[in-house]
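Quick notes on the structure that follows.
A short reminder: the numbers here are calculations on the coordinates, not readings from a lab. It should be emphasised that the depicted structure is a prediction, and the values quoted were computed from it without experimental measurement. Here the Cβ positions follow ideal geometry from the backbone for every residue, glycine too, while neighbour counts run over all protein chains shown.
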Amino acid sequence: MITRRELNKVMSLAFASLFSGASSELLAVQAPPQQNSQDHGAPVRPSPPKPLIEEPLEALPESVASLLILNIPAHNPSSTRAFTGHQHSGPVFAYILEGTIENQVEPDPPKTYAAGDVFFEPTMHVHRMLRNLSETQPARILVFQIVPNGKAGAIAVK
């Protein structure tokens, strides 16, 4: 369960960045050495997470704000499943609730985030990789995103 303090922190950062026009990451994290982490086989197609809340934004009447929790199962190193790349039609703000993940959004190299860390994904940047670094524990991410009306939140890329 997310605490009120955690929710306030991520929402404050998200709104401050959104309304100040910031388009860079909220928190600079030292990137780990780049590795070839591509798996081969059928792409992972998790069902989309159900939003916790969605509301129109008065300041952005053509968009909807969405808050959801993304659950990422423990990493199975023998799996042949691969992450499917995508782009988001609006900005994404993420707060790591539990676990440690590796994430890559172009043009940046992969970065590691642990519980309490935050990251930002600019609109239409290609999200190439997201994986749970634990082989035993799931990871959970609180995601706040803004999606233009009538557009999908995530758009697959090749």
Let me check the size of region 88-134 from its C-alpha atoms; what are the radius of gyration and Dmax in Å?
10.4, 29
GluC sites (Glu not before Pro) within region 95-158, DSSP loop, no more than 14 other Cβ atoms inside 10 Å
Glu135
